[in-house]
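To keep things clear, I will list the structure first and then write my remarks on it.
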Amino acid sequence: MHVADYSLVAVYLALLLWLGLRSRLKRDGGSSEMIIGGRMLTLPAFVASLVSTWYGGILGVGEYSFSYGLSNWLVFGLPYYLAAALFAIFLARKARETELLTIPQRLGEVYNDRTALAGSVIVFFMTVPSAYILMLGVLGQFMFGWPVWIGILAGTVFSIVYVFTGGFKSIVRTDILQFGLMFIGFAILLALLVTEYGGFDFLREHLPATHLTWHGGNSGVYIAVWYVIALATLIEPAFYQRCYAARTPQVARRGIFISIGCWFLFDFMTTGCGLYARALLQELADPVGAFPALAQLVLPAGLLGLFALALLSTVMSTVDSYSFLAASTWGNDIIPRFRKVDDRRIVHHTRIGLLISAVLAVILALFFRSVVDIWHALGSIGTPALLVPLFTAFVGRRRLSGSLAFISIITSASVSLIWYLSQHFTDSGTYWLGLEPIFPGLLWSLLLFLIFSRRINSADLPVKH
């Protein structure tokens, strides 16, 4: 990178801090202002924040599209659009109308305190942003030549320092900047590639034939698995937080549908760049670096720095949001389950939770050293635990009792955890029966619901706040 590129990065980091630190909590502001910004999120801010937050795995997208081509859209695109649409149709309005702050509050309202605490622990570990902090370390290594651990530490500090003072409002302000940089950086790279090398004819001539098929060389079963994994969207804390923060239920629902269109456009650009990376970098040793390597190959000074900002923005917007989600779960849902805490002290404990989640994320990132491993481990255990109890807490008239909902969360997570660990007890290093751990836990949770749930009357429904 040229000095002009480094200068752009320096300006970006300074602007990020300026925007984030400008948002300070009011002296009389309590947990609502800290965690959801006082429910004042407008439609444009809702879209910018949700789109940028939910697309943090940019290096994984580059790796997959480099390796398997167009099927990236069927694996990391379409299943998540469908799941997000289900969230918009069934959950967005209902979540906003509850006027709660967090997912565990709904579990406590519908079930009991034990269920809320169990859900809090699951949500906390699912939102600790270790995978995305690891990506920042990898980006620091690719772009600046830093050791991975320096990139991890520097990226963590720059991603959360302003959240400590401004909470959710700081996140939204910075997300708007990062949303714009994401799209600008990839639009410039794709436009230059098409202009310099040509369009579809160039790709067809230089890509393996499977890269332009719907499956990319993978089996239909493998691709179908991702449609089950994408159901984790229905328990996605970032979705709930933004719905809770929206000005109206209409903003929440419309915002998700508009966001789906934005993700579709961004996936078009990232998948296209991944195809060009494979066509131009046949000998690339590590596909996870496809996007940085492609940018270094074709972009001149200045534009290379702008694309570096696109990558950094995509990841950092997710790091700050997920660090804060873990922090709010700690301050608003875990600590108050053990002792009485007034509204102002929740803000204090949320800030402590921000530090705890950051330290834990750094430790996990240094331990795992694989983004996919982190996603796989946390998602495989958390999704089966929460999907059925949380979805049915908003939708339908059949519910588990409080004690059975608690048992469902604990046992479903345990089944998936044991299944996940089974790879270490088999000679082949595979899971029992060849099943991914998400499926046994999810099946167990569904069976408990089908056998023990009961129909509730209108009088038993939680009263809206």
* Looking at Arg39, Arg96, which one is in contact with a strand residue (DSSP E or B) (Cβ under 9 Å, 6 or more places away or on another chain) and either part of a helix (DSSP H, G or I) or surrounded by 19 or more Cβ atoms within 10 Å (Cβ to Cβ) (or both)? -> Arg96
* Asked: Take the residues of region 228-265 that are small (Gly, Ala, Ser) and assigned to a helix (DSSP H, G or I): which is farthest from Leu41 (Cα to Cα)?
  -> Ala230
* To do: From the list Leu448, Leu443, pick out the single residue that is within 20 Å of Phe391 (Cβ to Cβ), in contact with a Leu (Cβ under 8 Å, 6 or more places away or on another chain) and part of a helix (DSSP H, G or I).
  => Leu448
* **Counted residues, region 298-355 - those being touching a residue at least 24 places away in the same chain (Cβ under 8 Å), under 30 Å from His2 (Cβ atoms) and either part of a helix (DSSP H, G or I) or not hydrophobic (A, V, I, L, M, F, W, C) (or both)** => 20
* Out of Gly155, Gly167, Gly180, sole residue that is buried (at least 24 other Cβ atoms within 10 Å of the Cβ) and either of a type in the set (D, E, K, R) or under 18 Å from Gly57 (Cα atoms) (or both) -> Gly155
* Structure fact -> Quick count over region 417-458, residues being of a type outside the set (Val, Ile, Thr), within 18 Å of Leu400 (Cβ to Cβ) and surrounded by 13 or more Cβ atoms within 10 Å (Cβ to Cβ), is 11
* What do you reckon, is Gly108 of a type in the set (Gly, Ala, Ser) and not in a helix (DSSP H, G or I)? -> no
* Sole exception among (1) surrounded by fewer than 22 Cβ atoms within 10 Å (Cβ to Cβ); (2) more than 29 Å from Ala83 (Cα to Cα) for Phe394, by number -> (2)
* Structure fact -> Going through (1) part of a helix (DSSP H, G or I); (2) on the phi > 0 side of the Ramachandran plot one by one, Leu364 fails only at (2)
* Asked: Taking region 397-414 as the region of interest, how many residues are in a helix (DSSP H, G or I) and surrounded by fewer than 21 Cβ atoms within 10 Å (Cβ to Cβ)?
  -> 7
* Name the single residue, out of those in region 42-66 being of a type in the set (Gly, Ala, Ser) and surrounded by fewer than 21 Cβ atoms within 10 Å (Cβ to Cβ), that is farthest from the chain's Cα centre (by Cα). => Gly60
* Structure fact -> Exception for Ile188 within (1) among the β-branched types (Val, Ile, Thr); (2) in contact with a Phe, Trp or Tyr (Cβ under 8 Å, 6 or more places away or on another chain); (3) farther than 28 Å from Leu70 by Cα; (4) modelled with pLDDT of 95 or more falls at (3)
* In region 122-148, what residues are among the aromatic types (Phe, Trp, Tyr) and closer than 28 Å to Ser7 by Cβ? -> Tyr132, Phe142, Phe144, Trp146
* Of the residues Ala295, Ala290, which is more than 30 Å from Leu91 (Cα to Cα), surrounded by 24 or more Cβ atoms within 10 Å (Cβ to Cβ) and within 22 Å of the chain's Cα centre (by Cα)? -> Ala290
* Structure fact -> Of the listed residues (Ser328, Ser313, Ser323), the one being within 17 Å of Leu19 (Cα to Cα) and either β-branched (Val, Ile, Thr) or under 20 Å from the mean Cα position of the chain (by Cα) (or both) is Ser313
* Structure fact -> Only one of Leu366, Leu304, Leu360 is at pLDDT 95 or above and hydrophobic (A, V, I, L, M, F, W, C), namely Leu304
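Residues are listed down the side, and each one gets a yes or a no for (1) in contact with a Ser or Thr (Cβ under 9 Å, 6 or more places away or on another chain); (2) more than 21 Å from Leu231 (Cα to Cα); (3) modelled with pLDDT of 90 or more:
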| site | (1), (2), (3) |
| --- | --- |
| Glu97 | no, yes, yes |
| Gly108 | yes, yes, yes |
| Val123 | yes, no, yes |
| Ile171 | yes, yes, yes |
* Every residue from region 167-219 that is under 30 Å from Pro44 (Cα atoms) and touching a Gly at 6+ places or on another chain (Cβ under 6 Å) -> Phe168, Lys169, Ser170, Thr174, Leu190
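The values are calculated or read from the model by the stated rules, or taken from the named source; none is laboratory data. All of these numbers come straight from a predicted model, not from anything done at the bench. Cβ atoms come from the backbone with ideal geometry, glycine included; neighbour counts cover every protein chain shown.
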